[in-house]
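Participant: Dropping the structure in here first, questions after.
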Amino acid sequence: MSVNNYEWNLENEWLQKVLKEAKRQLDEKRHAKDKLKKEAIETQRELWNDLGSISIENGLDQLSDFISFMDIMKNQKRGHEFNQNLEAKYERMLKSPYFGRIDFIEENEDYTEKCYIGLSSLINEDFDFLVYDWRAPISSMFYDYETGKASYECPEGIISGEITGKRQYKISDGKIDYMFDSNLSIDDEMLQELLSKNSDDKMKAIVTTIQREQNQVIRNENYKNLIVQGAAGSGKTSVALHRIAYLLYKHRDKITSENIIVFSPNNIFNDYISNVLPQLGEDNMYQTTFNDYMHKELDYKFKKETSLEMMEYILGSKEKLTYEDRIKSIKFKTSVEFTNILKEYINYIETTGRDFQEIVVRGKLVISSQEIKNLFFNDYSNLSIKRRLKKIKSRIEFLIESHEEAWINEIYQELDESGDYIQREEMIEISTLTVKKKLKSTYDKVSQMTEFNLIEIYKDLFKNLNKFLKKINIEYEYSLIDHIKTYTIDNLNAKILNYEDQVALLYLKGAFGDIPKTSQIKYIIIDEAQDYTPLQYEIFYQLFESAKMTILGDINQSINPFMNVGDYNNIYNISKSDTCIINLTKTYRSSMEITKFSRNILTKNTDDEYVERHGDEPNVIGFSHENHMIEKIMEDIKYYQEKNYKSIGIITKTAKQTEDLYNMLKENDMDVKSIKKDNDEFMNGVLIIPSYLAKGLEFDVVLIYDASNKNYNCEDERLLFYTCCTRALHVLNIYYLDEITPLLKNNAISETF
């Protein structure tokens with residue numbers, strides 16, 4: 001609804017009032033920062049003049065004075081950083097102090113409060129709210145309600161009333177570009193404008209257009225664990241980051257960004273999302289990938305496969321003789337049944353014990369096997385297995401030492417009485433070396449008996465795999481199990497750790513108490529949840545058992561056909577209770593035409609909603625010669641660049657194809673970039689990227705390279721192909737050579753060359 005001239009004048013007056021107050025507070029903070037800077041310089045001058053160089057010879061008084069100076073300087077540094085953050089807040093506010101307003105009448109009140117909502121709150125000297133932070137309790141009504149009855153929850157309880165007006169603004173450089181009244185949800189003008197824009201090289205905050213269902217996820221604290229299933233383009237990652245900002249705002253006295261960890265699909269994605277929290281005025285949380293975390297914990301001198309290397313193998317090595325053996329191994333080790341086998345094996349290790357043997361020195365019993373068992377099962381039972389064995393080893397070695405000393409003394413006396421030696425030091429050295437040599441086999445026996453070698457423990461599992469299959473009443477083909485056993489043990493002997501084996505080893509390491517748990521982490525965000533196996537979720541709950549988890553994904557975007565969650569019930573069953581599943585059912589990324597086209601790739605119908613933003617129909621173009629396909633791709637790149645699209649993503653199936661296509665286009669003087677590794681930087685322009693690295697990203701234009709039957713020829717790749725197509729915002733072109741992939745049989749072919 002348009003706004004009349006009178007309202008425009010009132011709004012401009014209010015904006016000037018807000019900007020004036022923001023400018024006053026900015027000047028105040030700048031003055032405070034300058035004052036702190038001068039004080040810091042003066043403190044450093046006093047430190048040097050009063051204390052000079054610090055020396056232990058000057059006594060404890062000087063050291064005490066020095067520590068006092070350090071405390072003062074630390075406080076000054078904290079004050080400087082605090083003022084710097086506030087200065088940045090007010091500078092942002094001077095450009096765009098708010099984006100929305102609700103007029104709210106509280107029940108049993110006559111006064112209508114005009115609540116302006118922005119990225120940060122602004123309070124004047126009279127403690128009046130000129131602008132409310134979007135995360136404040138009252139601001140939730142802006143996202144959750146149309147005009148009419150409304151309520152919000154605050155520390156005092158539920159406040160009910162009525163929203164009599166709702167207005168949205170776009171303010172740039174301190175001026176109102178436009179505003180409009182809306183009786184509906186935050187949609188239409190502002191949302192359509194945002195969605196129709198070209199993509200950027202970094203994800204942006206969506207605070208101005210958060211939808212009701214997204215807001216319910218952002219503010220939901222009713223459950224310890226939240227599982228969010230959302231269609232491609234439903235804003236899952238944005239919601240997760242805004243949820244972090246909300247938690248940091250609401251619990252600012254209890255948590256900081258250091259208490260939150262995000263597990264992302266890859267490091268490219270970490271870089272892509274790195275701007276969102278700073279835009280919202282918060283520090284970035286710790287970001288990692290499961291692969292990086294696992295490799296850090298499994299510090300073995302083995303050849304360790306990465307998750308990306310695994311994907312490249314799965315997609316590009318079907319012709320290898322060992323491919324079928326590897327796939328069988330992956331399927332088995334990512335199954336729920338294998339997780340149960342590992343649990344049974346852990347129980348066996350913990351309850352059955354080890355081959356403890358008595359220790360005897362010179363015919364005298366040092367410790368019996370039963371005494372060692374008592375230490376293992378009783379005295380040290382509260383410790384992890386690794387620590388138990390370490391304590392037992394220390395205990396036995398302590399008991400041996402008294403026998404060792406007595407033996408050394410006896411030999412020393414013999415040497416002394418023989419008269420063959422004059423030097424006392426020589427006799428001590430000879431007697432000590434003699435006893436050490438004689439006791440070497442005993443010490444080796446103790447070391448072997450108390451050794452904790454995770455690789456050997458894992459290897460023993462496969463040597464006895466049939467035994468544990470029987471224990472959990474699981475029947476597998478003997479030949480299949482025999483293949484898996486041989487394949488795994490051969491790799492371990494060759495010091496090769498496939499990705500799926502690393503996951504199992506990490507789980508065992510955690511279960512045996514060999515990974516220190518941290519109470520510092522309060523919240524875990526797991527993005528692209530569909531691409532983690534049940535065993536990986538066991539690890540998350542194992543390592544961060546006291547933390548609250550937000551798990552976001554889309555079952556339809558499982559890019560690894562063999563390593564995925566399968567079903568969210570597999571997560572729900574692990575977490576046991578206090579878990580809620582929420583669905584985000586509306587997609588915002590792609591145009592209607594691209595969304596409908598992509599959904600036709602799926603084998604099941606979906607009734608998820610989408611924003612009615614129209615664009616061109618996707619093009620599916622066939623070629624009889626590869627050269628013609630390359631020529632068409634180059635022609636289309638130039639065409640879309642001339643139409644001012646910022647990002648053009650050419651998605652290949654594998655990294656090998658990315659490299660080959662990059663070289664071909666560079667030979668033709670095309671300005672293109674490529675991403676082939678996890679730590680490559682995401683950039684705008686023309687970017688060639690393999691399918692499994694494209695998930696989570698988006699492009700104005702997506703060009704799918706070679707969607708032929710030869711390249712995408714099996715059902716296992718359907719969800720990967722669907723994920724590639726859903727990366728497109730405005731344009732989707734699919735090129736294929738000779739025969740089209742059967743995955744597109746439900747979609748029309750545009751033309752053939």
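The values are calculated or read from the model by the stated rules, or taken from the named source; none is laboratory data. For clarity, every value in this text was computed on a predicted model and none was experimentally measured. Positions of Cβ are backbone-derived with ideal geometry, glycine not excepted, and every protein chain shown enters the neighbour counts. Just the protein is used for accessible areas: all its heavy atoms, side chains included, with ligands, DNA and RNA removed. Shrake-Rupley method; radii C 1.70, N 1.55, O 1.52, S 1.80 Å.
Participant: For the range 359-393, give me each residue that is among the hydroxyl-bearing types (Ser, Thr, Tyr) and more than 20 Å from Tyr348 (Cβ to Cβ).
Facilitator: The one that is among the hydroxyl-bearing types (Ser, Thr, Tyr) and more than 20 Å from Tyr348 (Cβ to Cβ): Ser368.
Participant: Applying the selection to the range 550-596, what residues are surrounded by fewer than 22 Cβ atoms within 10 Å (Cβ to Cβ), in contact with a Lys or Arg (Cβ under 6 Å, 6 or more places away or on another chain) and under 28 Å from Cys714 (Cα atoms)?
Facilitator: Result: Phe562, single match.
Participant: Okay, moving on. Among the residues of the range 243-267, what is the count of those that are under 8 Å from Met285 (Cα atoms) and touching a Gly at 6+ places or on another chain (Cβ under 8 Å)?
Facilitator: 0
Participant: To continue, here is another question. State whether the residues of the range 154-172 include one that is assigned to a strand (DSSP E or B), modelled with pLDDT under 95, of a type in the set (S, T, N, Q) and under 21 Å from Gln211 (Cβ atoms).
Facilitator: Yes, the range 154-172 contains a residue that is assigned to a strand (DSSP E or B), modelled with pLDDT under 95, of a type in the set (S, T, N, Q) and under 21 Å from Gln211 (Cβ atoms).
Participant: Another question, then. Tell me which residues, restricted to the range 270-314, are aromatic (Phe, Trp, Tyr) and assigned to a helix (DSSP H, G or I).
Facilitator: In the first step, residues of the range 270-314 are kept if they are aromatic (Phe, Trp, Tyr); the result is 272, 286, 290, 293, 300, 302, 313.
Those that are aromatic (Phe, Trp, Tyr) and assigned to a helix (DSSP H, G or I): Tyr272, Phe290, Tyr293, Tyr313.
Participant: Just for the range 691-737: of the residues that are surrounded by 22 or more Cβ atoms within 10 Å (Cβ to Cβ) and of a type in the set (Lys, Arg), which one is nearest to Asn564 (Cα to Cα)?
Facilitator: Only one residue tops the list, namely Lys695.
Participant: A further question on this structure: Looking at the range 444-468, which of the residues that are closer than 19 Å to Lys386 by Cβ and of a type in the set (S, T, N, Q) is most open to solvent (accessible area, probe 1.4 Å)?
Facilitator: Result: Gln448.
Participant: Looking at Lys509, is it among the basic types (Lys, Arg), touching a strand residue (DSSP E or B) at 6+ places or on another chain (Cβ under 8 Å), farther than 29 Å from Leu703 by Cα and surrounded by 18 or more Cβ atoms within 10 Å (Cβ to Cβ)? Explain how you work it out, then say what you get.
Facilitator: On the way: among the basic types (Lys, Arg): yes; touching a strand residue (DSSP E or B) at 6+ places or on another chain (Cβ under 8 Å): no; farther than 29 Å from Leu703 by Cα: yes; surrounded by 18 or more Cβ atoms within 10 Å (Cβ to Cβ): yes.
Considered against the rule, which asks whether it is among the basic types (Lys, Arg), touching a strand residue (DSSP E or B) at 6+ places or on another chain (Cβ under 8 Å), farther than 29 Å from Leu703 by Cα and surrounded by 18 or more Cβ atoms within 10 Å (Cβ to Cβ), Lys509 comes out as no.
Participant: Looking at (1) surrounded by 21 or more Cβ atoms within 10 Å (Cβ to Cβ); (2) touching a helix residue (DSSP H, G or I) at 6+ places or on another chain (Cβ under 8 Å); (3) under 30 Å from Gln502 (Cα atoms); (4) of a type outside the set (A, V, I, L, M), which is the one condition that is false for Lys236?
Facilitator: (2)
Participant: Sort out which residues of the range 671-690 are surrounded by fewer than 15 Cβ atoms within 10 Å (Cβ to Cβ) and touching a helix residue (DSSP H, G or I) at 6+ places or on another chain (Cβ under 7 Å), and write them in order of number.
Facilitator: Asn679, Glu681
Participant: To continue, here is another question. Quick one: Tyr178 ticks every box in (1) modelled with pLDDT of 90 or more; (2) assigned to a strand (DSSP E or B); (3) not hydrophobic (A, V, I, L, M, F, W, C) except a single one, so which number is it?
Facilitator: It is condition (1) that Tyr178 fails.
Participant: Identify, from the list Leu732, Leu703, the residue that is of a type outside the set (Gly, Ala, Ser), under 14 Å from Gln657 (Cβ atoms) and modelled with pLDDT of 95 or more. Give the steps one after another, and end with the answer.
Facilitator: Values: Leu732 fails: under 14 Å from Gln657 (Cβ atoms).
Matching residue, one of Leu732, Leu703: Leu703.
Participant: All but one of (1) in a helix (DSSP H, G or I); (2) more than 27 Å from the chain's Cα centre (by Cα) hold for Asn573; which doesn't?
Facilitator: That leaves (2) as the condition not met.
Participant: Just one of (1) among the hydroxyl-bearing types (Ser, Thr, Tyr); (2) under 30 Å from Ser307 (Cα atoms); (3) part of a helix (DSSP H, G or I) trips up Tyr640, so point out which.
Facilitator: (2)
Participant: Taking Lys320, is it without any contact (Cβ under 8 Å) to a residue 24 or more places away in the chain and under 23 Å from the mean Cα position of the chain (by Cα)?
Facilitator: Details: without any contact (Cβ under 8 Å) to a residue 24 or more places away in the chain: yes; under 23 Å from the mean Cα position of the chain (by Cα): no.
No, not satisfied.
Participant: In the range 81-117, which residues are among the aliphatic types (A, V, I, L, M), in a strand (DSSP E or B) and open to solvent by less than 40 Å² (accessible area, probe 1.4 Å)? Full working, then the answer.
Facilitator: Taking the range 81-117 as the starting set, the residues that turn out to be among the aliphatic types (A, V, I, L, M) are 86, 88, 93-94, 102, 105, 117.
Next cut, in a strand (DSSP E or B) only: 102, 105, 117.
The answer is Ile102, Ile117.
Participant: State which residue is farthest from Phe721 (Cα to Cα) when the search covers only the range 589-605 and only residues that are in contact with a Ser or Thr (Cβ under 7 Å, 6 or more places away or on another chain) and not in a loop (DSSP other than H, G, I, E, B).
Facilitator: Going through the qualifying residues, I end up with Thr595.
Listed here are the residues, each with its yes/no results for (1) in contact with a Cys (Cβ under 8 Å, 6 or more places away or on another chain); (2) among the hydroxyl-bearing types (Ser, Thr, Tyr); (3) surrounded by fewer than 15 Cβ atoms within 10 Å (Cβ to Cβ); (4) under 28 Å from Tyr90 (Cα atoms).
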position	(1), (2), (3), (4)
Leu119	no, no, no, yes
Ile123	no, no, yes, yes
Pro137	yes, no, no, yes
Ile158	no, no, yes, no
Asp173	no, no, yes, yes
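Participant: Which condition breaks for Ile621 when tested against (1) hydrophobic (A, V, I, L, M, F, W, C); (2) touching a Leu at 6+ places or on another chain (Cβ under 6 Å); (3) not in a loop (DSSP other than H, G, I, E, B)?
Facilitator: (2)
Participant: Among (1) open to solvent by 40 Å² or more (accessible area, probe 1.4 Å); (2) in contact (Cβ under 8 Å) with a residue 24 or more places away in the chain; (3) assigned to a helix (DSSP H, G or I); (4) out of contact with any His (no Cβ under 8 Å at 6 or more places or on another chain), there is one condition Asp325 misses while meeting the rest; what is its number?
Facilitator: Failed condition: (4).
Participant: Something else: So which residues in the range 738-751 are at pLDDT 90 or above, open to solvent by 40 Å² or more (accessible area, probe 1.4 Å) and within 20 Å of Ile633 (Cα to Cα)?
Facilitator: So in the range 738-751, the residues at pLDDT 90 or above come out as 738-744.
This time we only want the ones that are open to solvent by 40 Å² or more (accessible area, probe 1.4 Å), so: 738-739, 742.
Those that are at pLDDT 90 or above, open to solvent by 40 Å² or more (accessible area, probe 1.4 Å) and within 20 Å of Ile633 (Cα to Cα): Asp738, Glu739.
Participant: Can you report the number of residues in the range 248-262 which are in contact with a strand residue (DSSP E or B) (Cβ under 6 Å, 6 or more places away or on another chain) and crowded, with 22+ Cβ neighbours inside 10 Å?
Facilitator: Within the range 248-262, residues that are in contact with a strand residue (DSSP E or B) (Cβ under 6 Å, 6 or more places away or on another chain) and crowded, with 22+ Cβ neighbours inside 10 Å number 2.
Participant: Scan the range 661-694 residue by residue and report those that are part of a helix (DSSP H, G or I) and either among the polar types (S, T, N, Q) or out of contact with any strand residue (DSSP E or B) (no Cβ under 8 Å at 6 or more places or on another chain) (or both).
Facilitator: Asn663, Met664, Lys666, Glu667, Ser691, Tyr692, Leu693
Participant: In addition: Return the residue satisfying two criteria in turn: it lies in the range 598-610 and is in contact with a strand residue (DSSP E or B) (Cβ under 7 Å, 6 or more places away or on another chain) and not hydroxyl-bearing (Ser, Thr, Tyr), and of such residues it is least open to solvent (accessible area, probe 1.4 Å).
Facilitator: From the range 598-610, those in contact with a strand residue (DSSP E or B) (Cβ under 7 Å, 6 or more places away or on another chain) are 608-610; that's our starting set.
Cutting the leftovers down to not hydroxyl-bearing (Ser, Thr, Tyr) gives us 608-609.
Working: Asp608: 38, Glu609: 101 Å².
This residue is Asp608.
Participant: Tell me, which helices (runs of 4 or more DSSP H) wholly within the range 403-486 include 3 or more residues that are of a type in the set (Lys, Arg), free of Cβ contacts under 8 Å to residues at least 40 places away in the same chain and farther than 30 Å from Ile327 by Cβ?
Facilitator: Numbers: elements: 424-449, 454-463, 465-471.
In the range 403-486, 424-449 are the helices (runs of 4 or more DSSP H) which contain 3 or more residues that are of a type in the set (Lys, Arg), free of Cβ contacts under 8 Å to residues at least 40 places away in the same chain and farther than 30 Å from Ile327 by Cβ.
Participant: What are the pairs with Cβ atoms under 6 angstrom where one residue, in the range 249-270, is in contact (Cβ under 8 Å) with a residue 12 or more places away in the chain and the other, located anywhere, is open to solvent by 50 Å² or more (accessible area, probe 1.4 Å) and assigned to a strand (DSSP E or B)? Sequence gap at least six, or different chains.
Facilitator: That search, which allows pairs on different chains as well, returns Ile261/Tyr286.
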